[in-house]
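See structure below.
The values are calculated or read from the model by the stated rules, or taken from the named source; none is laboratory data. Remember, predicted model here, so these are calculated numbers, not experimental data. Every residue, glycine as well, gets a Cβ built from its backbone with ideal geometry; the counts of neighbours run over all protein chains shown. Calculation scope for accessible area: heavy atoms of the full protein, side chains included, ligands and nucleic acids excluded. Shrake-Rupley method; radii C 1.70, N 1.55, O 1.52, S 1.80 Å.
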Amino acid sequence: MSVAAVPFLDLPAQQAEIADEVLPVLHAQFAAASFIGGSEVAAFEREYAEYIGVAHCIGVGNGTDALELSLRALGIGRGDEVIIPVNTFIATAEAVTVVGATPVFVDVDSDYLLMDPAAFEAAITPRTRAVIPVHLYGQTAPLDRITPTARRHGIHIVEDAAQSQGADSAAGRAGTLGAIAATSFYPGKNLGAAGDAGAVLTDDDTLAAFVRNYSTHGSSTKYVHDRAGQNSRLDAIQAAVLRSKLRRLDRWNAARRARADHYSELLAEILEVRTPKVRPGNADVWHLFVVQVDERDRVHAELGAAGIGSAIHYPTPLHLTAAYGGLGYSAGAFPVAEAAARRILSLPMFPHLTTDQQERVVSVLARVVARG
Ligand SMILES: *Cc1c(COP(=O)(O)O)cnc(C)c1O
C-alpha cells in the first residue's frame, strides 16, 4: 500500500499565507532600492524586542554571527573556555572557535536532551568565561539550575535561542534568561526569513551598543571607525518578511503545540517509539518533534522510501565530528548524547501539517518499526 507523501517541512505553505501582505512591501522596497537599514529593519527590531521582552534587538546577518557577536560583546576570546552542550548544531561551537576561545563540551540529560546542569558544573575551570545553554528543539534549557551555578562562578550566560522563538519556561521566556541571547531566522526556524538572518537580544545597553557598532564595521557614524569590526546586518527585505511572520508566530507555535499533542496521542500505543517529553514548567514551541527508535537508520530510510520526510538532529555529537576531533575527546566521553544520536529521529513538524498527514506519518512509522 502506498500513501501520499508528507514533507518533513512545508515552507511554501508559510510563504503562501503571508504573500498578499508581504509582496507589496517587497515591490516598494525594490522600486525604492531600499535594501540596507531603513524603517522595516527598525520596526522589526522594535517589535521582536517587545515580543521577547528585552530592551534591545539588533538584527544581524545570521544566527552564527549573532552568537559570535554576543561572545565578542562580553570580551570573550583567546585563552577563554566556553561550555556548550555536545548535542547541538555546529554553529554553537563555531562561534566560540571564531572568537579564539575554546569550546568545552558537556553531555545532555537523557529525558530532554538539553544541557545537563551537573555536567556543566563539573566542566567549570578557572578559565571558564561563559556557558551557552541551547534551547534545543523548541524547549528552554534548564536555566533554573544553570544560572545559580554560573552566578556563583562569575560565568556569563549566552543563550542560543535559534530554535526557541516564543518558548517560555518557569524562569521566563527564552532569550531573556542570560546576559545576552542569539537567535537565527534561517528559513526553517519557527520564525524564518526568506534567506539568512539573525538577531542579538539583550537588556544591557553597553552590550547592545557594542553589537550594533561591531556589526557595522566598528562604526556608529559613517566612516568613523572605533574598531575593526565586521559587516553583519539584517536586510530590509528580510525584515519585511519577518514582520509579517512575527504577527503569526503565536498562532503558528500554538499549531505546532497542537500537532505535538496529537502525535503523542497517536504514538502512545506504539511502544517501539519513544515520544519527546516537556520539562516541567516549560512551554515548548516544538521547533522539532524528536522521537527515539531502535534501528533508526533503517527506520529513517524506510520512511523516506514510503514518502514520509524525516531528519536527524544531529547525527554526530560535536566531539566526534572532523571539525572538533582535534580537541581530544574520545568516543564514550558523552554517553547520553552518543546513545541518543543513534536513536533520534525528527518527524514532520510545521504549523500547516494536517491531521490527515500526521495520521499517515504514524501509520507508516508503526508499520516500519514493527518490522524490526
Ligand atoms: C540554526 C541554528 C544556529 C545558527 O543559525 P544560522 O542562522 O544558520 O547561522 C545556531 N544554533 C542552533 C541551535 C541552530 O539551530
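The residues of region 333-348 that are under 14 Å from Arg274 (Cβ atoms), surrounded by fewer than 18 Cβ atoms within 10 Å (Cβ to Cβ) and either not assigned by TED's automatic domain parsing to the domain that holds Val299 or not charged (D, E, K, R) (or both) amount to a single one, Ala339. The lone criterion from (1) assigned to a helix (DSSP H, G or I); (2) within 16 Å of the ligand (Cβ to nearest atom); (3) touching an Asp or Glu at 6+ places or on another chain (Cβ under 8 Å) left unmet by Val211 is number (3). Being in the same structural domain as Phe44 (by TED's automatic domain parsing) and in contact with a helix residue (DSSP H, G or I) (Cβ under 7 Å, 6 or more places away or on another chain) is true for just one of Arg173, Arg151, Arg127. Which residue is that? The conditions single out Arg173. For the condition more than 16 Å from the chain's Cα centre (by Cα) and either part of a loop (DSSP other than H, G, I, E, B) or not assigned by TED's automatic domain parsing to the domain that holds Tyr329 (or both), Asp65 does not qualify. Taken over region 271-288, the criterion of being surrounded by 17 or more Cβ atoms within 10 Å (Cβ to Cβ) and over 24 Å from Asp250 (Cα atoms) is satisfied by Glu272, Val273. Cβ-Cβ contacts under 6 Å between residues 6 or more apart (or on different chains), taken from a first residue in region 300-320 that is closer than 16 Å to Gly372 by Cβ and outside any loop (DSSP other than H, G, I, E, B) to a second residue that is among the small types (Gly, Ala, Ser) and open to solvent by less than 60 Å² (accessible area, probe 1.4 Å), are listed as His300/Ser310; Leu303/Ser310. Being assigned by TED's automatic domain parsing to the domain that holds Val200, free of Cβ contacts under 8 Å to residues at least 40 places away in the same chain and either open to solvent by 50 Å² or more (accessible area, probe 1.4 Å) or within 16 Å of the ligand (Cβ to nearest atom) (or both) is not true of Val82.
Comparison of Ala33, Ala16, Ala4, Ala28 shows that the only residue that is outside the structural domain of Asp196 (by TED's automatic domain parsing), over 22 Å from the mean Cα position of the chain (by Cα) and either within 18 Å of Glu159 (Cβ to Cβ) or away from the ligand (no atom under 16 Å from the Cβ) (or both) is Ala4.
Need a quick list: strands (runs of 3 or more DSSP E) entirely within region 121-198 having at least 1 residues that are closer than 27 Å to Ala236 by Cα, in contact (Cβ under 8 Å) with a residue 60 or more places away in the chain and within 11 Å of the ligand (Cβ to nearest atom). Give the derivation first.
Values: elements: 128-131, 156-160, 180-184.
Output list reads 156-160, 180-184.
Taking the listed residues Ala28, Ala33, the one that is open to solvent by 10 Å² or more (accessible area, probe 1.4 Å) and on the phi > 0 side of the Ramachandran plot is Ala33, with no other qualifying.
In region 76-117, what residues are touching a Lys or Arg at 6+ places or on another chain (Cβ under 8 Å) and either of a type in the set (A, V, I, L, M, F, W, C) or assigned to a loop (DSSP other than H, G, I, E, B) (or both)? Listed by number, the residues that qualify are Ile76, Gly79, Asp80, Val82, Val99, Gly100, Ala101, Asp111, Tyr112, Leu114. Per the conditions (1) crowded, with 20+ Cβ neighbours inside 10 Å; (2) more than 18 Å from Ala209 (Cα to Cα), the sole criterion not satisfied by Phe89 is (1).
Are any residues in region 38-65 more than 16 Å from the ligand (Cβ to nearest atom) and open to solvent by 30 Å² or more (accessible area, probe 1.4 Å), and if so, which ones? Gly38, Ser39, Glu40, Ala42, Arg46, Glu47, Glu50, Tyr51, Gly53, Ala55, His56 - these are the residues of region 38-65 that are more than 16 Å from the ligand (Cβ to nearest atom) and open to solvent by 30 Å² or more (accessible area, probe 1.4 Å). Within the bounds of region 215-224, is there any residue that is surrounded by fewer than 19 Cβ atoms within 10 Å (Cβ to Cβ), touching a residue at least 60 places away in the same chain (Cβ under 8 Å) and within 22 Å of the chain's Cα centre (by Cα)? No, there is no match, as no residue in region 215-224 is surrounded by fewer than 19 Cβ atoms within 10 Å (Cβ to Cβ), touching a residue at least 60 places away in the same chain (Cβ under 8 Å) and within 22 Å of the chain's Cα centre (by Cα).
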